[in-house]
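The values are calculated or read from the model by the stated rules, or taken from the named source; none is laboratory data. Since this is a predicted model, take the numbers as computed values, not measurements. We place every Cβ from the backbone using ideal geometry, glycine too, and count neighbours over all the protein chains shown.
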There are 4 protein chains.
Amino acid sequence: MAPTLKVETLSQDAAKVAIEACEAKARSMGIPMNIAVTDSATHLLAFSRMDGAKITSISIAIDKAFTASGHRIGTHLYKEAVWPGGPAFGIGNSNGNRFTTIGGGLPVLGRNKEILGAIGCSTGTPAQDQEVAQAGIDALQKLLQSTRAKL
Amino acid sequence: MAPTLKVETLSQDAAKVAIEACEAKARSMGIPMNIAVTDSATHLLAFSRMDGAKITSISIAIDKAFTASGHRIGTHLYKEAVWPGGPAFGIGNSNGNRFTTIGGGLPVLGRNKEILGAIGCSTGTPAQDQEVAQAGIDALQKLLQSTRAKL
Amino acid sequence: MAPTLKVETLSQDAAKVAIEACEAKARSMGIPMNIAVTDSATHLLAFSRMDGAKITSISIAIDKAFTASGHRIGTHLYKEAVWPGGPAFGIGNSNGNRFTTIGGGLPVLGRNKEILGAIGCSTGTPAQDQEVAQAGIDALQKLLQSTRAKL
Amino acid sequence: MAPTLKVETLSQDAAKVAIEACEAKARSMGIPMNIAVTDSATHLLAFSRMDGAKITSISIAIDKAFTASGHRIGTHLYKEAVWPGGPAFGIGNSNGNRFTTIGGGLPVLGRNKEILGAIGCSTGTPAQDQEVAQAGIDALQKLLQSTRAKL
């Protein structure tokens, strides 16, 4: 019997890399963003509200990262299942109403698809939010690969 | 006038039987689950998060068992009535948002259909969650029948 | 730069060992308990409400384990600092009111004092709750040592 | 009649300077910290959880910054007034329980003592948390003065 498990999770350094990549992307799009990074256990690791980002999008960004790290898939992937008539309709009421199915939350997955953390963005449209989050994912995947290459 | 009522409810021993049966089923399906058992008064009796089960499914599993023991039917049975236009639309906002209509919560009923408790599972699809909960129900019904046979 | 950290946490098997040890201790004391085990990230791993344990102690037990795993010390250790006049007075209002300074929550620490999880008990006096939680800690430490001995 | 007001508040660039100064101080003290920066309207601007900082201190750090920017004084300054018998006893229950009187939250004040934002830190003792927050304040005041000198 194994009394413990080893869980891998993003470091603060990695979170900063993600935030910077998201900020750069948001700047290039001309849309200031709220950007949240959570660890593999759904807890907030880093956050940045760019000048001009929406105040009511602060908690939306954090909830997107929370949901993506807990459920391990992008928040934009919830479609028919969570609509009226779908088997998961009402899931947004769970987890103290923090479970969100609005696009813009993406999981950071390791080599074996294990969850390492997540990024959530909010202020633009869900599609724009997701595009900015993806820039953070891309930067982290590049960082993870370069670290593995050195081993 | 009867000044009191006798309420029957699952014991902790029975809850453990249910958890083990659900865990065995989940293992056979290859899907680690959050499994919650509530008593006939909706209160948490036992809980197990199998290694690898989703963190954001902890409260969903507990809410499913809560709802199934309180309303005394499976959480998958809510259809048109809770959708927009239905007479119970918005019921998910009740009970501090803990009322859920996502499948995977099943009531444990006694010989006369009285409520004894409930099981709620979460991490897979609602159908998978329900399948795992059903394994717990089956184990409990077998236990209840064998106990009655001895009387 | 290390993009990830490795975090160790209790397994479900270990959580069951802890619950059983707490239950045995509680039985020997004649006090049915609510027993909660959290992982190193404060999330609920396992729970048992023994027959007769107080219903309003369910969430107290869970909050004790939550607090002990997040703040990494026993919940009984908070004394003058959290009383009126103390520098941490009011800490119980934090974390959505889940931070508790009532004895009965104990951290599970690894060989290098890293947090692996926590146990929270409730129904008796805080001293009794702590005694029961300690039985779970003892069982886990024995398990951890025997696992290390095999390596 | 002036129909509008101009409100000055920290920028995201300034928030990053504060976070970095706090991180450097925390590293020199050997205590990983949760560090939150809020704007002059109490809203979260930036956040960093250093590797190893306490999970249950995430919301405490954010609440300290929230309180310091809203009430415009350090959270360590609340003494007799908030203790039992004091005229502000119970203030910790206000603002959705987010008002905290635990040291470690400091306001960022402008030349005319107007509020510009706040810093909240948590994981160490309240005195240590305040020391780390002060490092962020010092860095911001230096930045503010150098900016004014250039005008």
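Would you confirm, using the coordinates I've provided, whether B:K79 is more than 30 Å from B:A149 (Cα to Cα) and either touching a residue at least 24 places away in the same chain (Cβ under 8 Å) or in contact with an Asp or Glu (Cβ under 8 Å, 6 or more places away or on another chain) (or both)?
Values: more than 30 Å from B:A149 (Cα to Cα): yes; either touching a residue at least 24 places away in the same chain (Cβ under 8 Å) or in contact with an Asp or Glu (Cβ under 8 Å, 6 or more places away or on another chain) (or both): no.
Criteria not met by B:K79.
Given the structure, is C:I115 in contact (Cβ under 8 Å) with a residue 12 or more places away in the chain, crowded, with 24+ Cβ neighbours inside 10 Å and β-branched (V, I, T)?
On the way: in contact (Cβ under 8 Å) with a residue 12 or more places away in the chain: yes; crowded, with 24+ Cβ neighbours inside 10 Å: yes; β-branched (V, I, T): yes.
Taking the combined requirement at face value, the residue satisfies it.
Taking the conditions exactly as written (without any contact (Cβ under 8 Å) to a residue 60 or more places away in the chain, more than 17 Å from the chain's Cα centre (by Cα) and within 21 Å of A:E23 (Cα to Cα)), does A:D63 satisfy them or not? Reasoning before the result, please.
Details: without any contact (Cβ under 8 Å) to a residue 60 or more places away in the chain: yes; more than 17 Å from the chain's Cα centre (by Cα): no; within 21 Å of A:E23 (Cα to Cα): yes.
In short, no.
For (1) at pLDDT 95 or above; (2) surrounded by fewer than 19 Cβ atoms within 10 Å (Cβ to Cβ), each residue gets a yes or a no:
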| site | (1), (2) |
| --- | --- |
| C:D13 | yes, yes |
| C:A65 | yes, no |
| C:T75 | yes, no |
| C:Y78 | yes, no |
| C:G85 | no, yes |
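Please indicate, with yes or no, whether at least one residue in region A:87-101 is in contact (Cβ under 8 Å) with a residue 24 or more places away in the chain and closer than 29 Å to D:S11 by Cβ.
Keep residues of region A:87-101 that are in contact (Cβ under 8 Å) with a residue 24 or more places away in the chain, which gives A:95, A:98-101.
With closer than 29 Å to D:S11 by Cβ added as a condition, the list becomes A:98, A:100.
Checked against the condition, which is being in contact (Cβ under 8 Å) with a residue 24 or more places away in the chain and closer than 29 Å to D:S11 by Cβ, region A:87-101 yields at least one hit.
Name the residues in region C:1-55 that are more than 18 Å from A:M1 (Cα to Cα), charged (D, E, K, R) and outside any helix (DSSP H, G or I), would you?
Filtering region C:1-55 down to residues more than 18 Å from A:M1 (Cα to Cα) leaves C:1-7, C:22-36, C:38, C:40-44, C:47-55.
Then drop every residue that is not charged (D, E, K, R), which leaves C:6, C:23, C:25, C:27, C:49, C:51, C:54.
C:K6, C:R49, C:D51, C:K54, listed by residue number.
Looking at region D:94-116 only, could you name the residues that are of a type in the set (S, T, N, Q) and within 8 Å of chain C (Cβ to nearest Cβ)?
Residues satisfying the conditions are D:N97, D:T100, D:T101.
If you take the residues of region C:118-151 that are of a type in the set (S, T, Y) and surrounded by fewer than 14 Cβ atoms within 10 Å (Cβ to Cβ), which of them is nearest to D:T100 (Cα to Cα)? Before you say what the answer is, go through the steps one by one.
Restricting attention to region C:118-151, the residues satisfying the condition of being of a type in the set (S, T, Y) are C:122-123, C:125, C:146-147.
Filter once more, keeping what is surrounded by fewer than 14 Cβ atoms within 10 Å (Cβ to Cβ): C:125, C:146.
Values: C:T125: 28, C:S146: 44 Å.
So, considering only residues that are of a type in the set (S, T, Y) and surrounded by fewer than 14 Cβ atoms within 10 Å (Cβ to Cβ), the one nearest to D:T100 (Cα to Cα) is C:T125.
Can you tell me which residues in region A:117-151 are of a type in the set (D, E, K, R), within 12 Å of chain C (Cβ to nearest Cβ) and more than 20 Å from A:K6 (Cα to Cα)?
To start, the set of residues in region A:117-151 that are of a type in the set (D, E, K, R) comprises A:129, A:131, A:138, A:142, A:148, A:150.
This time we only want the ones that are within 12 Å of chain C (Cβ to nearest Cβ), so: A:142, A:148, A:150.
Selection gives A:K142, A:K150.
Residues of region A:104-124 being part of a loop (DSSP other than H, G, I, E, B) and closer than 14 Å to A:A15 by Cα, which ones? Talk me through it step by step, then tell me what you get.
From region A:104-124, those part of a loop (DSSP other than H, G, I, E, B) are A:104, A:110-114, A:123-124; that's our starting set.
Scanning region A:104-124 gives no hits.
For D:K64, are the conditions met, namely being closer than 19 Å to D:A26 by Cβ and within 10 Å of chain C (Cβ to nearest Cβ)? Let's see the steps before the verdict.
Details: closer than 19 Å to D:A26 by Cβ: yes; within 10 Å of chain C (Cβ to nearest Cβ): yes.
Considered against the rule, which asks whether it is closer than 19 Å to D:A26 by Cβ and within 10 Å of chain C (Cβ to nearest Cβ), D:K64 comes out as yes.
Only residues that are more than 10 Å from chain B (Cβ to nearest Cβ) and hydrophobic (A, V, I, L, M, F, W, C): list them for region A:74-93, please.
Restricting attention to region A:74-93, the residues satisfying the condition of being more than 10 Å from chain B (Cβ to nearest Cβ) are A:74-80.
A:L77 - this is the single residue of region A:74-93 that is more than 10 Å from chain B (Cβ to nearest Cβ) and hydrophobic (A, V, I, L, M, F, W, C).
When region C:13-50 is examined, which residues are found to be touching a residue at least 12 places away in the same chain (Cβ under 8 Å), facing chain A (nearest Cβ under 9 Å) and farther than 24 Å from B:T42 by Cα?
Those that are touching a residue at least 12 places away in the same chain (Cβ under 8 Å), facing chain A (nearest Cβ under 9 Å) and farther than 24 Å from B:T42 by Cα: C:A14, C:V17, C:D39, C:S40, C:A41.
Would you call C:L5 modelled with pLDDT of 95 or more, surrounded by 20 or more Cβ atoms within 10 Å (Cβ to Cβ) and closer than 30 Å to A:A15 by Cβ? So that I can check it myself, show each step before the final result.
Details: modelled with pLDDT of 95 or more: yes; surrounded by 20 or more Cβ atoms within 10 Å (Cβ to Cβ): no; closer than 30 Å to A:A15 by Cβ: yes.
So C:L5 fails the test.
Can you name every residue in region B:65-103 that is in a helix (DSSP H, G or I) and out of contact with any strand residue (DSSP E or B) (no Cβ under 9 Å at 6 or more places or on another chain)?
B:L77, B:E80, B:A81, B:V82, B:I91, B:G92, B:N93, B:S94, B:N95, B:G96, B:N97
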